[in-house]
Amino acid sequence: MDSVTVRVPAKVNLQLAVGPLRDDGYHDLVNVFHAVSIFDEVTATAKVGMSVRVEGESADQVPEDGENLAIKAAFALAGHAGRSYGVNLLIRKSIPVAGGMAGGSADAAAALVACNELWGLGLPLEDLMEIAADIGSDVPFALLGGTAVGTGRGERLTPLKVEGDFHWVFALADGGLSTATVYAECDRLREATGERVAWPRAAEPLLAALREGDAETLGAELRNDLQPAAVMLRGSLARTLKAGREHGALGSLVSGSGPTCAFLARSESHAGELAASLKDAGVARDVITAHGPVPGPVIV
Ligand code: ATP
């Protein structure tokens, strides 16, 4: 086999509960991850040495060296196998870069699956999950897909059974937001307001809405503790979120660390109408529709 192509979805956090700042600089999180139908494709081709090339959506903002999360994943897998394998990774991006949709983590997960196949390693998912957790806290979910509750730094995962499909609209913004900057702003705001930060817990009504396929309740329960910080850093997001509510979204939130905003629609046709209204309102660089949950990385 000379090459393997893997298609991998983006994620949106339906709930992101951020606990108090720990002594080690991290936060305990509760993350309800949901994989949606916006896909990157990673093609792994056999060669001597390791290299990566990036094409598509905002490719110029993605490193093509050892900093690329996909190539880090390939190195980590080769290290695990104890062999000096080589690969060229071609990443075709559709997931917005630095948009809070874990595109880099998705590419890392896709690279693990593609190289595992290309190099004939046959490692089971549990082994890939362990390697994934060392690459980044969003990478294990990117390997799993579907919908799952993540705890710790997001890497301890419990898959959730979800009834039916949910229909989403995503408003993409110009330029990204750095995840580290958004967490720092969240800490600063909490300090400034003297907010008492509770231990993060998954919201039971939100989990029940997912289990029952109840879009109305899910919309009301969407919650992201990073949203005030993202809105503080990027004031225009307040207008985008307001426009979604005014045009009938069941719920809205900033996705992860932003600046992408997610809106829940009643149905596929409602998502199309909502997307058209948001485009007309001029509150986003681009507006796309998607559905979820979708499976994790798939060899195509
Ligand atoms: P998260 O939702 O996990 O916080 P994000 O969606 O906000 O992440 P990414 O698109 O994953 O952000 O990219 C964050 C940064 O990581 C980018 O600015 C880019 O420089 C770097 N990066 C490294 N590898 C990749 C990759 N394969 N794809 C995208 N970005 C990458």
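The values are calculated or read from the model by the stated rules, or taken from the named source; none is laboratory data. Predicted model, so just to flag it, every value in this text is computed and none were measured. Cβ: placed from backbone, ideal geometry, glycine included. Neighbour counts: every protein chain shown.
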Legend entry - Checklist (1) within 15 Å of the chain's Cα centre (by Cα); (2) modelled with pLDDT of 95 or more; (3) under 20 Å from ASN31 (Cα atoms) applied to LEU222, failing item: (1)
Inset, instruction - Identify, by number, the condition in (1) in a helix (DSSP H, G or I); (2) small (Gly, Ala, Ser); (3) closer than 20 Å to TYR26 by Cβ that SER257 doesn't meet. - result: (1)
Legend entry - Qualifying positions in the range 43-61 - in a strand (DSSP E or B), within 12 Å of the ligand (Cβ to nearest atom) and among the small types (Gly, Ala, Ser): GLY56
Legend entry - Number of positions in the range 12-42 that are within 12 Å of the ligand (Cβ to nearest atom) and among the polar types (S, T, N, Q): 2
Inset, instruction - Report yes if some residue within the range 5-22 is touching a Lys or Arg at 6+ places or on another chain (Cβ under 7 Å) and not aliphatic (A, V, I, L, M); otherwise report no. - result: yes
Inset, instruction - Kindly indicate whether any position in the range 111-128 is of a type outside the set (Val, Ile, Thr) and within 9 Å of the ligand (Cβ to nearest atom). - result: yes
Inset, instruction - Working only within the range 62-103, note down all residues that are among the polar types (S, T, N, Q) and either modelled with pLDDT under 95 or within 6 Å of the ligand (Cβ to nearest atom) (or both). - result: ASN68, SER84
Legend entry - Close pairs from the range 252-279: first within 18 Å of GLY164 (Cα to Cα), partner in a helix (DSSP H, G or I) and away from the ligand (no atom under 16 Å from the Cβ), Cβ under 7 Å, at least 6 apart: PHE263/GLY244; PHE263/LEU274; LEU264/ALA215; LEU264/LEU218; LEU264/GLY219; ALA265/ALA271; ALA265/LEU274; ARG266/ALA215
Legend entry - Where a residue in the range 56-77 is at positive phi and its partner, wherever it lies, is part of a loop (DSSP other than H, G, I, E, B), with Cβ under 7 Å and at least six apart: GLY56/SER94; SER58/PRO96; SER58/VAL97
Inset, instruction - Find the helices (runs of 4 or more DSSP H) located wholly in the range 109-206 whose residues include 2 or more that are under 18 Å from the mean Cα position of the chain (by Cα) and not aliphatic (A, V, I, L, M), and list them. - result: 139-144, 179-193
Legend entry - Filter result for PHE39 (over 20 Å from LEU222 (Cα atoms), surrounded by 14 or more Cβ atoms within 10 Å (Cβ to Cβ) and at pLDDT 95 or above): yes
Inset, instruction - Just one of (1) at pLDDT 95 or above; (2) within 25 Å of PRO20 (Cα to Cα) trips up SER178, so point out which. - result: (1)
Legend entry - Residue that is farthest from the chain's Cα centre (by Cα), among those in the range 67-100 that are among the β-branched types (Val, Ile, Thr) and not in a helix (DSSP H, G or I): VAL87
Inset, instruction - Please verify whether the range 175-182 includes one or more residues that are surrounded by fewer than 19 Cβ atoms within 10 Å (Cβ to Cβ), away from the ligand (no atom under 15 Å from the Cβ) and touching a residue at least 40 places away in the same chain (Cβ under 8 Å). - result: no
Inset, instruction - Can you work out which of the residues in the range 229-254 that are away from the ligand (no atom under 14 Å from the Cβ) and in a loop (DSSP other than H, G, I, E, B) is surrounded by the most Cβ atoms within 10 Å (Cβ to Cβ)? - result: ALA249
Inset, instruction - Would you confirm whether any residue within the range 190-198 is within 30 Å of ALA109 (Cβ to Cβ) and of a type outside the set (D, E, K, R)? - result: no
Inset, instruction - Give me the pairs, please: first residue somewhere in the range 129-146 and within 10 Å of the ligand (Cβ to nearest atom), second residue anywhere and modelled with pLDDT of 95 or more and β-branched (Val, Ile, Thr), beta-carbon distance under 7 Å, and either six or more positions apart or on two chains. - result: ALA142/VAL8
